[in-house]
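Right, one structure below, let's go through it.
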Amino acid sequence: MATLIHTLADHSDDVNYCAFSSSCLATCSLDKTIRVYSLNNFTELPYSPLKGHTYAVHCCCFSPSGHVLASCSTDGTTMVWDSHSGRMLAVLEQPSGSPVRVCRFSPESTYLVSGAADGSVVLWNMQSLKLYRSGKVKDGSLVACAFSPNGNFFVTGSTCGDLTIWDDKMRCLYNEKAHDLGVTCCDISSQPISDGEHGFRYFQMASCGQDNQIKLWLILFADFVGAELKYKCTLNGHSAPVLACAFSYDGQMLVSGSVDKCVIIHETSTGNTLHTLSQHTRYVTTCAFAPCSPLLATGSMDKTVHIWQFDLKQPCAGEKNQNNSCYKIYQHLMYVEQRYMGLCSKHKNIDGKELLNLTKESLTAELKIESLGLRSKILQKIEELRTKTLSVSVTVPDEFLCPITRELMKDPVIAADGYSYEKEAMENWISTKRRSSPMTNLPLPSLMLTPNRTLKMAISRWLETQQK
């Protein structure tokens with residue numbers, strides 16, 4: 001069940017787009033502003049609204065870490081903001097000066113794409129905040145964009161109805177006529193649905209258009225074979241042009257918004273309609289799932305943004321992943337014991353949630369595992385999963401999460417930019433010859449990393465309270 005829990009009504013004109021980070025929601029409007037809200041209580045942050053564009057703001061998006069926000073406008077610019085302070089970091093001018101309709105960060109924040117009304121597409125280097133590569137579609141305006149999960153490819157959609165796949169060198173790899181009357185939005189699920197043939201990973205992509213349709217595609221990304229797009233099915237339900245679509249974090253749901261004023265939540269595996277939400281009074285222009293909480297935001301020409309919450313009785317994506325991972329470990333160890341230790345008894349069939357609560361005693365008494373070594377292995381793996389997935393299963397203070405990985409830090413270090421990161425993640429960042437701050441994109445005056453013992457102790461104390 002999806003329940004309306006809050007309505008934001010601060011914009012004075014049509015809401016064009018909304019985007020989540022792990023802790024914030026950003027919205028933009030024809031009123032030339034971007035507004036940013038805390039997910040804790042949906043209050044507007046002190047620096048909001050962001051003002052700088054001279055015409056309507058069409059799109060906004062957070063970097064994967066959530067520390068940088070981008071917005072694009074009819075004024076021909078894409079602006080980059082510090083999402084903690086609201087400070088403007090850069091103004092990126094589309095070379096042609098054409099109105100910019102869409103912008104997206106790559107998964108590792110290496111690039112920012114901006115697509116414009118004249119069909120031009122620009123890849124900006126986020127380290128230097130300079131133009132890296134540019135290209136152009138044959139016909140139509142660019143209005144949609146989505147990156148592959150590995151960041152090596154991205155897809156654009158145009159008003160002439162084409163979906164175009166590009167690589168990070170701005171080479172056009174594939175073009176597909178998807179919607180006769182024009183594409184309005186597209187999104188790629190971050191979760192693979194199949195390894196496909198020869199070990200290639202397929203992902204789901206959704207596109208929607210002026211033809212009232214939502215199409216699901218299977219998209220293959222492989223560095224050495226390029227890209228491939230296969231039509232999967234069409235999702236029905238809307239009676240008018242579909243203006244927006246977005247996958248949930250686990251890829252199991254797809255939300256869409258339409259000129260018919262309705263929001264539909266689809267189950268991607270079956271194509272069934274799970275919910276139809278009809279509280280908006282004008283066209284629904286944007287919709288987005290939150291990455292780390294059971295929230296959905298929908299925006300409309302009625303100048304409002306509705307926040308919806310899903311029934312917490314249903315396990316969230318992170319909880320499912322945690323349970324599935326535990327169960328896979330259990331199955332693997334059972335196989336090892338049966339294969340190499342001559343175990344013949346049949347073990348009790350339990351789910352991931354039960355596994356997380358196993359003890360040495362229950363392993364012996366209930367599951368009849370007599371091998372001390374095997375019991376220790378199971379408990380060790382479960383403890384690793386408990387720690388690794390705490391950031392998903394409970395609300396972790398944001399300062400305990402690494403800005404690069406967004407996972408709970410185990411060995412925090414302070415970099416020269418003054419921010420703390422997971423040591424291994426920051427070392428990997430530096431080893432790829434990126435000498436800029438992951439937070440600000442400004443050059444690092446030094447590559448020295450200093451252990452943050454105070455933060456490490458605070459995380460340890462917090463973990464102890466969670467395990468009581």
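Summary of computed values
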| quantity | calculated |
| --- | --- |
| Probe 1.4 Å - accessible area at Arg435, Å² to nearest ten | 120 Å² |
| Cα-based shape type of region 2-310, given that a ≥ b ≥ c are square roots of the gyration tensor eigenvalues and the cut on a/c is 1.5 | rounded |
| Å² per residue, accessible surface of region 2-310 at 1.4 Å | 37 Å² |
| In Å², nearest 10: area of Lys215 left accessible to a 1.4 Å probe | 30 Å² |
| Shape of region 1-144, Cα gyration tensor, a/c cut at 1.5 | prolate |
| From phi via Karplus (6.51, -1.76, 1.60), per-residue ³J(HN,Hα) for region 236-248 in Hz, x at Gly/Pro | 9, x, 8, 10, 8, x, 9, 9, 8, 8, 7, 7, 6 |
| Greater than 23 Å apart at Cα, pairs in Lys261/Lys303; Lys130/Lys177; Lys177/Lys261; Lys169/Lys232; Lys232/Lys303; Lys130/Lys169 | Lys130/Lys177; Lys177/Lys261; Lys169/Lys232; Lys232/Lys303 |
| Solvent exposure of region 398-467 as accessible area per residue, Å², 1.4 Å probe | 57 Å² |
| In sequence order, calculated HN-Hα J values of region 282-291 (Karplus, 6.51, -1.76, 1.60; Hz; x Gly/Pro) | 9, 3, 8, 9, 7, 8, 7, 8, 6, x |
| Rule-of-thumb Rg ratio for region 398-467 [Cα; 2.2 N^0.38 Å; N residues] | 1.11 |
| Rounded, prolate or oblate (a/c below 1.5 giving rounded, otherwise prolate when a/b exceeds b/c) for region 40-112 by Cα gyration tensor | oblate |
| Surface share of carbon and sulfur [accessible, 1.4 angstrom probe, percent] for region 398-467 | 53 percent |
| Solvent-accessible area of Met457 with every protein chain in place, 1.4 Å probe, in Å² to the nearest 10 | 110 Å² |
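The values are calculated or read from the model by the stated rules, or taken from the named source; none is laboratory data. Quick caveat: nothing in here was measured; it's all calculated off a predicted structure. Surface accessibility is based on the protein's heavy atoms, side chains included, excluding ligands, DNA and RNA. Shrake-Rupley method; radii C 1.70, N 1.55, O 1.52, S 1.80 Å.
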